[in-house]
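**Q** Here you go, one structure.
The values are calculated or read from the model by the stated rules, or taken from the named source; none is laboratory data. Remember, it's a predicted structure, so these values are computed and weren't measured experimentally. Quick reminder, even Gly has a Cβ in these numbers, built from the backbone with ideal geometry, and neighbours come from all protein chains shown. Quick note on the areas: whole protein, heavy atoms, side chains included, nothing else; ligands and nucleic acids left out. Shrake-Rupley method; radii C 1.70, N 1.55, O 1.52, S 1.80 Å.
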Amino acid sequence: MKLITAVVKPHRFDAIKEVLQAFGVHGLTVTEASGYGRQRGHTEVYRGAEYTVDLVPKIRIEVLAEDEDAEELIDVIVKAARTGKIGDGKVWSVPVETAVRVRTGERGPDAL
Amino acid sequence: MAPAAVTLAADASRLSSADTGFMLICSALVMLMTPGLAFFYGGMVRVKSTLNMLMMSFISLGIVTLLWVFYGFALAFGTDRGSFLGWTSAFAGFSGIDRMQLWDGTTIPVFAFAVFQLMFAVITPALISGALADRVKFTAWSVFLVLWVTIVYFPVAHWVWGEGGWAHDLGVIDFAGGTAVHINAGAAALGVILVIGKRVGFQKDPMRPHSLPLVMLGAGLLWFGWFGFNAGSWLGNDDGVSALMFVNTQIATGAAMLAWLAWERFRHGAFTTLGAASGAVAGLVAITPSGGAVSPLGAIAVGAVAGVLCSMAVGLKYRLGYDDSLDVVGVHMVGGVVGSLLIGFLADGKGQSAAKGLFYGGGPGQLGKQCAGVFAVLAYSLIASAVLALLLDRTIGMRVTQDTEISGVDRAQHAETAYDFSGAGGGVIAGAAQAPAVARTRRVDA
């Protein structure tokens, strides 16, 4: 199994959710996040005083997937998240040792 | 402000129910300005000191109200004692005021006048609090409030508006409080912050307003309440001066907002929300002393000049290094000075008095009087407030500890926080039954 994590622009969330549903993903976890990449935030002005806000809002989407689906899933997420502008985010996957469905106790791929 | 001596004989026949009703409504409008100010300031501070900022304004409604009844009204508007202070013992405790007794030269009861002026006394010290955001002990602020209104506000209100007060007799025009309220509060703010110093992290950490919608709500309430503040200051409405003042208040405020925004767009490339709110307040401040003396076109000039100058003035704190947290000096002191001095140029002789300014052929006389009033109040308030702050700082201490300041004055001073950001809760009500200690019996040693 793999855990796919995507940190992307918040306004791309609906598009990503749709492609994941079309792919057959049953569940996901979403967290509001903030951070910066190469673009380093933006400037705001308050009564003439300029503040550099380097943390920009992002959402973090986490999906568990079977090994053979992982690469394709990453591709569809990237395609749905891309705007072509700076700050589009990142997607990565890591191996998962085990997963348990809390209600039934099912383990491994059955728990997805 | 109309003449201010007292006729002690009841005179029912002259009481005007229209004027009295007008004044009671105006008093209620001015009362709303203080919570409005609290929101205006509260939105501009960081989350961790929101409640303290609201409370520093709100507490004035309690403290100053009682002081006003005990002795404030008597000191400010009692019979003159040597041009500096008034006293009428019948006013102390409102004990000798008959409900049918009229304020001299007017058609309204003394009670209506007293409560209208009370609202001014409430909001003036509240204005100071914006400069002290995030770092002052609430008890020290409360004691400062008591001392400041007693030693600074009550006398200055007497100078400017009291029959026999020196500025009043000199002919200084201050329709609704440019000197007595705004310059007074702005100069006091400067005096206090020079003593207590900067916030931790000033000019290093970002100190962004935490809620601009609250700022706009506050500015809107201030603008609304200001009609009572300004139009009510003629103490009646039978000769059109109140209406002129009402109109000029709206005009100058609109002009000041646009001027501040234009200046911001030119200097910083954006029309900001905080700029619109601040410009509006700057315009309200500047038209307060001058609106009864200038024409509507003059009001546009007053607003536009105040909008640009106040916008420029708020940047001074970064250049000069004093921490006027929410720009009380830049907006209220500078706005008050601009409005008061412009009377010397723009008074057209058709409003509250026949006095004319330089642009209307009146010569420099009125400008000279305005300068005398402005600089006397500014100097007195600045010095007296700094001395008071020094006194309190040396005795009970004005500032919270650095730890408290960093973690936020709300929790330390008020045992509350403004917002609950945690969906998970996690608190326990003090005194509630503890959960059974299951974990202890089932503990497994690793």
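**Q** Would you please give the residues with an amide H less than 5 Å from that of B:VAL136, counting only those at least 5 places away or on a separate chain, with H modeled from the backbone geometry?
**A** When sequence neighbours closer than 5 places are left aside, the close amide H contacts are B:VAL400.
**Q** Shifting gears a bit: Find out how many positive minus negative residues lie around A:LEU55, taking Lys and Arg as positive, Asp and Glu as negative, among other residues whose Cβ is under 15 Å from that of A:LEU55.
**A** Working: positive: A:LYS9, A:ARG38, A:ARG40, A:LYS58, A:ARG60, B:ARG208; negative: A:GLU32, A:GLU44, A:ASP54, B:ASP205.
Net charge in that neighbourhood comes out at +2.
**Q** Ignoring ligands, DNA and RNA, please state the percent of accessible area on the protein assembly as shown from carbon and sulfur, probe 1.4 Å. Provide the component values of the computation, followed by the final result.
**A** Numbers: 14870 of 24400 Å².
Roughly 61 percent of what the probe reaches on the protein assembly as shown is carbon or sulfur.
**Q** Relative contact order for chain B using alpha-carbon pairs under 8 Å, separation at least 6, rounded to a whole percent?
**A** Values: 919 pairs, mean separation 97.4, N = 446.
Reported as a whole number, the value is 22 percent.
**Q** Per residue of region B:111-128, in order, report the coupling 6.51 cos²θ - 1.76 cosθ + 1.60 (Karplus, θ = phi - 60°) as ³J(HN,Hα) in whole Hz, putting x for Gly and Pro.
**A** Residue by residue, region B:111-128 yields 4, 5, 5, 5, 6, 4, 5, 4, 5, 5, 5, 6, 7, 4, x, 4, 4, 4 Hz.
**Q** Please report the accessible area of A:GLU50 (heavy atoms, 1.4 Å probe, ligands and nucleic acids excluded) in Å², nearest 10.
**A** The value for A:GLU50 is about 110 Å².
**Q** What FRET efficiency comes out for B:ILE25 versus B:PHE70 if R0 is 30 angstrom and r is the Cβ-Cβ distance? Round to the nearest 0.05. Numbers along the way, then the final one.
**A** On the way: r = 26 Å, r/R0 = 0.87.
Using R0 = 30 Å, I get an efficiency of 0.70.
**Q** Below 8 Å, C-alpha to C-alpha, sequence gap of six or more: please give me the relative contact order for region A:1-109 in percent. If you can, show how the numbers build up before the last one.
**A** Values: 175 pairs, mean separation 47.8, N = 109.
Across region A:1-109, relative contact order equals 44 percent.
**Q** Pairing the Cα long axis of helix A:13-23 with the longest principal axis of chain A, what angle in degrees results, from 0 to 90 and rounded to the nearest 10?
**A** So the inclination is approximately 20 degrees.
**Q** Using the charge dipole of region A:1-109 (Lys, Arg: +1 at Cβ; Asp, Glu: -1 at Cβ; taken about the Cα centre), state which of A:VAL96, A:TYR46, A:VAL8 has its Cα farthest towards the positive end.
**A** Selected residue: A:TYR46.
**Q** Compare each residue of region A:39-53 in its chain alone against the assembly with all protein chains, and report those whose accessible area goes down by 40 Å² or more; 1.4 Å probe, heavy atoms.
**A** A:VAL45, A:TYR46, A:ARG47, A:TYR51
**Q** Let me ask you something else. Non-local amide H neighbours of B:GLY349 (under 5 Å, H modeled in plane, Pro and chain starts lacking H): which ones?
**A** B:GLY357
**Q** List every residue whose amide H lies under 5 Å from the amide H of B:ALA293, counting only residues 5 or more places away in sequence or on a different chain, with H placed 1.01 Å from N in the peptide plane.
**A** Amide H to amide H, under 5 Å and 5 or more residues apart or across chains, B:ALA293 pairs with B:GLN352.
**Q** Treating only the Cβ of Lys, Arg, Asp and Glu as charged (+1, +1, -1, -1), what charge dipole size does region A:1-109 show about its Cα centre? Round to the nearest 20 debye.
**A** In debye, rounded to 20, region A:1-109 gives about 440.
**Q** Rounded to the nearest 0.05, what FRET efficiency is calculated for B:TYR318 and A:GLU106 with R0 set to 45 Å and r the Cβ-Cβ distance? Kindly include the intermediate steps, with their values, before the conclusion.
**A** Numbers: r = 62 Å, r/R0 = 1.37.
The computed FRET efficiency comes out at 0.15.
**Q** Can you list which of the trypsin sites (Lys or Arg not before Pro) found in region B:169-221 are DSSP loop residues with at most 13 other C-beta atoms within 10 Å?
**A** Qualifying residues, ordered by number: B:LYS204.
**Q** Filter the trypsin sites (Lys or Arg not before Pro) in region B:29-118 to those in DSSP coil with at most 11 other Cβ atoms within 10 Å of their Cβ, and list the result.
**A** Details: sites: B:ARG46, B:LYS48, B:ARG81, B:ARG99; in loops: B:ARG46, B:ARG99.
Those that pass, being in a loop and sparsely packed, are B:ARG99.
**Q** Return the distance in nm (one decimal) between the two label points of a simple spin-label model at B:ASP420 and B:ASP104, each offset 7 Å from Cα along Cα→Cβ.
**A** It is 5.7 nm.
**Q** Another question about this same structure. Quick one: accessible area per residue over the protein assembly as shown, 1.4 Å probe, rounded to a whole number of Å²?
**A** Numbers: 24400 Å² over 558 residues.
Result: 44 Å² per residue.
**Q** To the nearest 20 Debye, how big is the dipole of chain B about its Cα centre, given +1 on the beta carbon of each Lys and Arg and -1 on that of each Asp and Glu?
**A** Details: 24 positive and 24 negative charges, 268 e Å.
Rounded to the nearest 20 debye, it is 1280 debye.
**Q** On to the next question. Once phi is turned into ³J(HN,Hα) by the Karplus curve 6.51 cos²θ - 1.76 cosθ + 1.60 with θ = phi - 60°, what whole-Hz value does each residue of region B:315-330 show in order, with x for glycine and proline?
**A** In residue order, the calculated couplings are x, 4, 4, 6, 6, 8, x, 9, 9, 8, 2, 10, 6, 5, 5, x Hz.
**Q** Please list the equivalent ellipsoid semi-axes of the protein assembly as shown, computed as the square roots of five times the alpha-carbon gyration tensor eigenvalues, in descending order and whole angstrom. Write out the running numbers ahead of the final one.
**A** Working: eigenvalues 640, 156, 89 Å².
Whole-Å semi-axes of the equivalent ellipsoid: 57, 28, 21.
**Q** While we're here: Which value results when the Cα radius of gyration for region B:12-395 is divided by 2.2 N^0.38 Å?
**A** 0.92
**Q** At what distance in nm do the modelled label points of B:ARG411 and A:LYS17 sit from each other, each positioned 7 Å from its Cα along Cα→Cβ?
**A** Label at B:ARG411, label at A:LYS17, 3.3 nm between them.
**Q** Based only on the alpha carbon positions, what is the Kirkwood hydrodynamic radius of region A:1-109, in angstrom?
**A** 15.5 Å
**Q** How much mean residue ellipticity at 222 nm does chain B get from its helices, if each DSSP H run of length 4 or more adds -39500 (n - 2.57) and you divide by all residues, to the nearest 500 deg cm²/dmol? Intermediate values should be presented prior to the final figure.
**A** Values: 17 runs with 251 residues, N = 446.
Per the formula, -18500 deg cm²/dmol.
**Q** Give, rounded to the nearest 20 debye, the magnitude of the charge dipole that the protein assembly as shown has about its Cα centre when Lys and Arg contribute +1 at Cβ and Asp and Glu contribute -1 at Cβ. Don't skip to the end; give the middle numbers.
**A** Working: 40 positive and 42 negative charges, 169 e Å.
Dipole of the protein assembly as shown, to the nearest 20 debye: 820 debye.
**Q** Kindly flag which residue pairs out of A:LYS17/A:LYS85; B:LYS48/B:LYS204; B:LYS137/B:LYS204; A:LYS2/A:LYS58; A:LYS17/A:LYS90; B:LYS198/B:LYS369 have an alpha-carbon separation exceeding 28 Å in this structure.
**A** Numbers: A:LYS17/A:LYS85 20 Å; B:LYS48/B:LYS204 18 Å; B:LYS137/B:LYS204 23 Å; A:LYS2/A:LYS58 22 Å; A:LYS17/A:LYS90 16 Å; B:LYS198/B:LYS369 35 Å.
Beyond 28 Å between Cα atoms: B:LYS198/B:LYS369.
**Q** Right, next: Pop out the ³J(HN,Hα) list for region A:53-63 in order, Karplus 6.51 cos²θ - 1.76 cosθ + 1.60 with θ = phi - 60°, rounded to Hz; leave Gly and Pro as x.
**A** 9, 8, 8, 10, x, 9, 10, 10, 10, 10, 9
**Q** Between A:THR52 and A:GLU68, how many nm apart are label points set 7 Å from Cα along the C-beta direction?
**A** 5.0 nm
**Q** As a test of the definition: with a 1.4 Å probe, what buried accessible area, both sides summed, do you compute for A against B, in Å² to the nearest 100? Please report the intermediate quantities before stating the final value.
**A** On the way: alone 7730 and 17800 Å², together 24400 Å².
Using a 1.4 Å probe on protein heavy atoms, the buried area is about 1100 Å².
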